[in-house]
Amino acid sequence: MTAKILEGAEVAQAMEGRLFSELECLQDLGIVPTLAIVRAGDHSGNMLFERRVIECAQRVGVEVQNVVLPEDATQRDLLVTLKKLNEDPLLHGVLMCRPLPAHLNEDKARNMLDPQKDVDGVNDVSLGRMFVGNETGYLPCTAQACIEILDHFGYDLNGKEVVVVGRSLAVGRPVAMLLLGRNATVTIAHSQTERLDELIRKAEIVISCVGSPQVFGSEYFSPGQTVIDVGTNFIGDNIMVGDVDFDKVKDTVAAITPVPGGVGKVVTSTLVKHAVEAIKKRHGDMEIFQDDEGMCNVRFRRN
């Protein structure tokens, strides 16, 4: 029996529908969320991601400011650029495309981002807030996208056995923390995990974020499982594939996200969602609502 395909487009469409209603209200109030996207060089994955974020932003009415630095930009060039964006009062969020060119220090760059504008949750302050459950910052978008997919398709995570394969700060560790926050029982596996195939086969939900093309075939999985494949890998003539061999696994498991067309589509919607949230946080946790006459209005939950 072929698995249910968990299409990211369906999740993104639902998210964007909710965002569109809020953005209409903001526009009526003369407020337009603005997101800056910083890219250094012409990394193909970054350019694809940038294009998808722009397309999503345009659909719902978020303005985007593109900031493109040359491949040979210096560390100082990048840090000065980020500082200017931090200080720009017209910008609500800043996204820094990664990976950076090899000669640039990514840790210094991501920690230059103002946590109040760090819509992808990459700054150490943002990550720290997430790990202690502080909701004043932003969650890493790819990790949050995994949860958005599971929520949309009606998965109750309470008590579920989940294996996360990958331990990066970008996805593996953050998504494990988000799952714990939903009372899942989480195991983090990685390249050094012994008997990885046995561990994966016992899970109810598997989230793969190792970044290696099609390393997990059908022998790693068992019937009834749900698989969230975060991998974005390129093989052959720039063909995008996941960590999981989709064609071999889809006849074994109960449900699986495709690559492309799965988690990636939800990541872009999550980023745009965070740009809208940035306005609310800036204004003291603004709540957007329609009054009894259908007019857009706001209230502030705290100062």
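Using the 1.4 Å probe convention, the accessible area of the stretch 1-109 works out to 51 Å² per residue with neighbouring protein chains retained. Placing a pseudo-label 7 Å from each Cα along the Cα-to-Cβ vector at V68 and K83 gives an inter-label distance of 2.6 nm.
In the stretch 51-138, a dipole from Cβ-located charges (positive for Lys and Arg, negative for Asp and Glu) runs towards its positive end, and of H92, L113, V64 it is V64 whose Cα lies farthest in that direction.
Here the extension length gained between N183 and Q58 equals 41.4 nm, from 0.36 nm per residue of separation less the Cα-Cα distance.
With respect to the chain, whose longest principal axis is taken over its alpha-carbon atoms, helix 141-152 is tilted by about 70°. Overall, the accessible surface of the stretch 154-268 at a probe of 1.4 angstrom is composed of carbon and sulfur to the extent of 47 percent. Here L180 sits with roughly 90 square angstrom of accessible surface, probe radius 1.4 Å.
Electrostatic tally near V263: other residues with Cβ closer than 10 Å to its Cβ, Lys and Arg +1, Asp and Glu -1, net -1. In the stretch 1-119, Rg over Rh equals 1.04, where Rg is the alpha-carbon radius of gyration and Rh the Kirkwood radius from pairwise Cα distances.
Once the chain from A14 to H103 is taken as fully extended at 0.36 nm per residue, the excess over their C-alpha distance is 28.1 nm. With all projection directions averaged, the alpha carbon convex hull of the stretch 57-173 covers 9.2 nm². Can you tell me, using C-alpha contacts under 8 Å and at least 6 residues apart, the relative contact order of the chain as a whole percent? Once divided by the residue count of the chain, the mean separation gives 21 percent. Backbone phi angles across the stretch 35-46, fed through the Karplus curve with coefficients 6.51, -1.76 and 1.60 (θ = phi - 60°), yield HN-Hα couplings of 10, 9, 10, 9, 10, 10, x, 10, 4, 4, x, 5 Hz in residue order; Gly and Pro are listed as x. Note on Y155: accessible area approximately 60 square angstrom, rounded to 10, probe 1.4 Å, nucleic acids and ligands left out. Compared with the alpha-carbon gap, the fully stretched path from E194 to D156 is longer by 10.8 nm at 0.36 nm per residue.
Taking the longest Cα principal axis of the chain as reference, the axis of helix 263-282 is set at about 30 degrees.
Principal-axis analysis of the Cα atoms of the chain puts helix 75-87 at an angle of about 60° to the longest axis.
Projecting the Cα positions of Q225, H274, N183 onto the charge dipole of the chain (unit charges on Cβ atoms of Lys, Arg, Asp and Glu, taken about the Cα centre) puts N183 furthest along the positive direction.
Which percent of the accessible area of the stretch 23-70 is formed by carbon and sulfur heavy atoms (probe 1.4 angstrom)? With neighbouring chains kept in place, the figure for the stretch 23-70 is 48 percent.
The values are calculated or read from the model by the stated rules, or taken from the named source; none is laboratory data. Keep in mind that what you see is a predicted model, and the values were worked out from it rather than measured. Glycine gets a Cβ as well: all are built from the backbone with ideal geometry, and neighbour counts include every protein chain shown. Note: accessible area is taken over every heavy atom of the protein model, side chains too, but ligands, DNA and RNA are not part of it. Shrake-Rupley method; radii C 1.70, N 1.55, O 1.52, S 1.80 Å.
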